[in-house]
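Enquirer: Structure in structure tokens, see below.
The values are calculated or read from the model by the stated rules, or taken from the named source; none is laboratory data. Everything numeric here is computed off the predicted structure, so don't read it as measured data. Here the Cβ positions follow ideal geometry from the backbone for every residue, glycine too, while neighbour counts run over all protein chains shown.
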Amino acid sequence: MTLHGLTALAARDRIARGEITASDLLESVLGRIREVEDRVGAYITITEDLARAQAAAVDAARRRGETLGPLAGVPVAVKDIICTQGVRTTCGSRILGNFEPPFDATVVERLRRAGAVIIGKTNMDEFAMGSSTEHSAFGRTRNPHDPDRIPGGSSGGSAAAVAAEEALAALGTDTGGSVRQPASHCGVVGLKPTYGRVSRYGVVAYASSLDQVGPLARDAADCALLLGVIAGHDPRDSTSIPGPAPDCLGAIEEGVSGLTIGIPREYFGEGIDDDVRRAVREGIAGLQAAGAKVLELSLPHTPYAVAAYYIIAPAEASSNLARYDGVKYGYRAPGAASLLDMYRRTRSEGFGAEVKRRIMLGTYVLSSGYYDAYYRKAQTVRTLVRRDFDEAFARCDALVSPVAPTAAFRLGEMLDDPLQMYLSDIFTIPVNLAGLPALSIPCGKSAEGLPIGMQILGPPLGEEMIFRAARAWEKVKAA
Amino acid sequence: MKITRETVLHVAGLARLSLSAEEVDTYARQLDAILEYMDQLNALDTTGVAHTEHVIPLETPFREDRVVPSLDPEQSLRNAPERSGTFFKVPKIL
């Protein structure tokens with residue numbers, strides 16, 4: 001097997017044992033990038049020299065006999081919405097096209113401390129607004145399984161990089177499904193942790209009450225390994241949950257015997273592709289074969305989640321994106337006659353169509369006379385969505401559903417119909433509204449050979465349970 | 001039509017965006033369709049239901065009030081589109 005095809009755990013262990021060097025591994029990944037990146041387009045920025053220095057530092061530390069970190073020498077890609085000190089962080093937007101953060105995000109600091117080698121910054125829908133990675137000012141990313149299809153979004157670059165072996169693992173962010181849906185479409189494992197589990201310090205805000213950083217990897221164990229590195233309390237994020245990171249990797253082999261898996265009826269109704277339904281049903285049967293009990297139940301407010309989300313998220317975005325005004329950093333339109341003119345021209349030239357659409361939508365629902373009818377109503381519906389989950393988790397340990405109603409759609413297919421694109425997030429959005437952890441794991445293929453993901457949802461802080469179920473399914477599938 | 005061209009122009013003004021005539025038409029049509037979809041929430045009786053403020057119950061954490069290093073002015077100004085000494089420079093306000 002080529003080095004770039006190794007799992008993060010295997011690579012780390014082989015480096016620690018001295019069988020390979022971090023530099024060999026990095027060169028293998030860089031070679032792979034040269035080979036496939038033209039077709040995939042996973043990266044916005046590749047930091048080859050910095051990565052070489054990091055890999056050399058890991059190799060030197062090993063030669064000196066130092067204790068190596070849990071990701072020592074593992075090449076990891078980082079979504080371009082996560083701040084990296086001195087390395088351009090664009091959010092896929094023209095307005096931040098030249099922005100070099102003066103500090104690292106907490107998750108990047110933790111990756112570095114763990115010995116990870118950061119290869120570059122991955123492509124994304126502008127400001128994480130999109131489900132296809134077609135809304136990037138830096139070109140689109142293609143699905144490694146079929147170049148005519150989208151990789152999913154908004155963390156499409158991260159998912160494609162892991163799937164195409166241009167990185168061993170990656171970080172993404174998930175506000176309404178942006179880690180899980182691209183993971184599903186690219187055939188990799190992706191986790192959206194419990195809200196507050198992972199620090200948002202240094203992660204450019206889209207919708208602050210929904211945003212969460214999550215790992216993408218080739219298997220459940222690698223995903224758990226990354227979570228262990230990036231999670232845990234951070235005093236710099238006021239919504240960070242107290243306490244250390246969970247040891248999901250330590251518990252991952254504990255199996256699902258005796259656990260009850262809930263199957264929410266509303267996630268298997270109309271509009272779901274037959275291939276998706278069949279693949280997820282096979283996944284559920286696999287978990288049953290591994291000893292889980294299955295219970296059908298109802299999450300009755302599911303049909304309202306998309307409407308509530310596309311009020312709350314744009315409302316928060318319109319406020320968060322007010323900071324892009326051309327004053328302190330980022331793009332400034334030249335030749336403005338006044339300050340107001342400068343704001344308007346900077347923002348109109350700097351933002352793309354989807355971002356403007358969401359700023360407009362968010363500004364409208366928060367504007368005088370509409371706040372109660374839209375924003376407050378949506379936050380009330382959010383309470384009902386959360387209650388559905390509370391009641392479900394009183395009866396079961398985890399829930400299983402599809403991630404997306406279809407496999408990856410074709411490039412350009414949904415660009416003219418934003419509402420249709422929003423509706424494709426129907427199975428991932430409720431998790432963000434309720435702040436729950438959920439993971440996407442490959443469970444089958446469509447008739448065209450495209451990957452299909454199964455979503456495993458847990459109660460708040462239930463990541464360990466989710467990883468046990470994900471690993472149990474991997475074992476059944478491999479058998 | 002809930003969203004007229006006038007509404008779009010008003011909202012664009014609030015959001016500090018200037019839109020082309022074509023954008024105004026497109027957003028009027030798209031926002032109208034999206035908001036019509038949102039109206040299904042009105043079918044749901046939410047009398048007596050509290051709205052969500054935080055998904056995870058958290059207490060406000062306190063820390064000691066002590067001086068720690070922060071960004072120096074040079075670092076803070078490094079990304080500035082235009083500067084004058086240690087200030088951010090903007091076009092004339094008045």
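Enquirer: Answer yes or no: is there a residue in the range A:423-432 that is crowded, with 18+ Cβ neighbours inside 10 Å and either farther than 23 Å from residue A:265 by Cα or more than 24 Å from the chain's Cα centre (by Cα) (or both).
Expert: no
Enquirer: Tell me, which helices (runs of 4 or more DSSP H) lie completely within the range A:101-195 with 3 or more residues that are of a type in the set (A, V, I, L, M, F, W, C) and touching a residue at least 24 places away in the same chain (Cβ under 8 Å)?
Expert: Working: elements: A:106-113, A:156-163, A:180-186.
Hits in the range A:101-195: A:106-113, A:156-163.
Enquirer: Let me ask something additional. Answer with yes or no whether residue A:400 is more than 7 Å from chain B (Cβ to nearest Cβ) and part of a helix (DSSP H, G or I). Steps first, please.
Expert: Values: more than 7 Å from chain B (Cβ to nearest Cβ): yes; part of a helix (DSSP H, G or I): no.
Here the answer is no, as residue A:400 does not meet what is asked.
Enquirer: Scanning for something in a helix (DSSP H, G or I), under 18 Å from residue A:327 (Cα atoms) and more than 9 Å from chain A (Cβ to nearest Cβ), does the range B:69-78 turn up at least one residue?
Expert: So in the range B:69-78, the residues in a helix (DSSP H, G or I) come out as B:73-77.
Restricting the remaining residues to those that are under 18 Å from residue A:327 (Cα atoms) gives B:73-77.
Pick out the ones that are also more than 9 Å from chain A (Cβ to nearest Cβ) and you get B:73-74.
Yes, because at least one residue in the range B:69-78 is in a helix (DSSP H, G or I), under 18 Å from residue A:327 (Cα atoms) and more than 9 Å from chain A (Cβ to nearest Cβ).
Enquirer: Listed residues A:272, A:284; which is outside any helix (DSSP H, G or I) and more than 14 Å from chain B (Cβ to nearest Cβ)?
Expert: Working: A:284 fails: outside any helix (DSSP H, G or I).
Going through A:272, A:284 in turn, just one is outside any helix (DSSP H, G or I) and more than 14 Å from chain B (Cβ to nearest Cβ): A:272.
Enquirer: Another one. Test residue A:90 against the criterion of being in a loop (DSSP other than H, G, I, E, B) and surrounded by 24 or more Cβ atoms within 10 Å (Cβ to Cβ), and give yes or no.
Expert: Numbers: in a loop (DSSP other than H, G, I, E, B): yes; surrounded by 24 or more Cβ atoms within 10 Å (Cβ to Cβ): yes.
For residue A:90, the condition - in a loop (DSSP other than H, G, I, E, B) and surrounded by 24 or more Cβ atoms within 10 Å (Cβ to Cβ) - is met.
Enquirer: So residue B:48 passes all but one of these: (1) among the small types (Gly, Ala, Ser); (2) over 27 Å from residue A:100 (Cβ atoms); (3) within 9 Å of chain A (Cβ to nearest Cβ). Which condition number does it fail?
Expert: (3)
Enquirer: Go through (1) in contact (Cβ under 8 Å) with a residue 12 or more places away in the chain; (2) under 25 Å from residue A:189 (Cα atoms) for residue A:38 and report which single condition fails.
Expert: If we test residue A:38 against (1) in contact (Cβ under 8 Å) with a residue 12 or more places away in the chain; (2) under 25 Å from residue A:189 (Cα atoms), just (1) comes out false.
Enquirer: Please go through the range A:382-397 and give me each residue that is part of a helix (DSSP H, G or I), closer than 20 Å to residue A:456 by Cβ and not small (Gly, Ala, Ser), ordered by number. Spell out the reasoning first.
Expert: Taking the range A:382-397 and keeping what is part of a helix (DSSP H, G or I), we get A:382-393.
Keeping just the survivors that are closer than 20 Å to residue A:456 by Cβ gives A:385-386, A:388-393.
Passing the criteria: A:385, A:386, A:388, A:389, A:390, A:391, A:393.
Enquirer: Okay, moving on. Restricting attention to the range B:51-61, and to residues there that are facing another protein chain (nearest Cβ under 7 Å) and under 24 Å from the mean Cα position of the chain (by Cα), which single residue is nearest to residue B:2 (Cα to Cα)?
Expert: Restricting to residues being facing another protein chain (nearest Cβ under 7 Å) and under 24 Å from the mean Cα position of the chain (by Cα), the top hit is B:51.
Enquirer: Out of everything in the range A:308-358 that is hydroxyl-bearing (Ser, Thr, Tyr), outside any helix (DSSP H, G or I) and in contact (Cβ under 8 Å) with a residue 12 or more places away in the chain, what residue ends up being nearest to the other protein chains (Cβ to nearest Cβ)?
Expert: Looking only at the range A:308-358, we keep the residues that are hydroxyl-bearing (Ser, Thr, Tyr), and these are A:309-310, A:318-319, A:324, A:329, A:331, A:338, A:343, A:346, A:348.
With outside any helix (DSSP H, G or I) added as a condition, the list becomes A:324, A:329, A:331, A:338.
Of the ones still in play, those that are also in contact (Cβ under 8 Å) with a residue 12 or more places away in the chain are A:324, A:329, A:331.
Numbers: A:324: 10, A:329: 3, A:331: 7 Å.
If we take residues in the range A:308-358 being hydroxyl-bearing (Ser, Thr, Tyr), outside any helix (DSSP H, G or I) and in contact (Cβ under 8 Å) with a residue 12 or more places away in the chain, then A:329 is nearest to the other protein chains (Cβ to nearest Cβ).
Enquirer: Scan the range B:41-62 and report the pairs whose first residue is under 30 Å from residue A:237 (Cβ atoms) and whose second residue is among the polar types (S, T, N, Q) and surrounded by 15 or more Cβ atoms within 10 Å (Cβ to Cβ), with Cβ atoms within less than 6 Å and a gap of 6+ or a chain change.
Expert: That search, which allows pairs on different chains as well, returns B:49/A:380; B:49/A:383; B:50/A:383; B:51/A:379; B:51/A:380; B:52/A:379; B:52/A:383.
Enquirer: Does residue A:416 meet the test of being at pLDDT below 95, among the charged types (D, E, K, R) and over 24 Å from residue A:247 (Cα atoms)? Walk me through it before giving the result.
Expert: Values: at pLDDT below 95: yes; among the charged types (D, E, K, R): yes; over 24 Å from residue A:247 (Cα atoms): yes.
Spelling it out, residue A:416 is indeed at pLDDT below 95, among the charged types (D, E, K, R) and over 24 Å from residue A:247 (Cα atoms).
Enquirer: Condition (residue is away from every other protein chain (no Cβ under 12 Å), among the hydroxyl-bearing types (Ser, Thr, Tyr) and either in a helix (DSSP H, G or I) or closer than 30 Å to residue A:443 by Cα (or both)) applied to the range A:287-298: is it met by at least one residue? If you could, list the steps in order and put the result at the bottom.
Expert: Our first condition is that a residue be away from every other protein chain (no Cβ under 12 Å); within the range A:287-298, this holds for A:287-298.
In the following step, the residues that additionally are among the hydroxyl-bearing types (Ser, Thr, Tyr) were identified as A:298.
Retained after the next criterion (residues that are either in a helix (DSSP H, G or I) or closer than 30 Å to residue A:443 by Cα (or both)): A:298.
Scanning the range A:287-298 turns up at least one residue that is away from every other protein chain (no Cβ under 12 Å), among the hydroxyl-bearing types (Ser, Thr, Tyr) and either in a helix (DSSP H, G or I) or closer than 30 Å to residue A:443 by Cα (or both).
Enquirer: Every residue in the range A:1-24 that is assigned to a helix (DSSP H, G or I) and touching a residue at least 60 places away in the same chain (Cβ under 8 Å), please.
Expert: A:4, A:5, A:8, A:9, A:11, A:12, A:22
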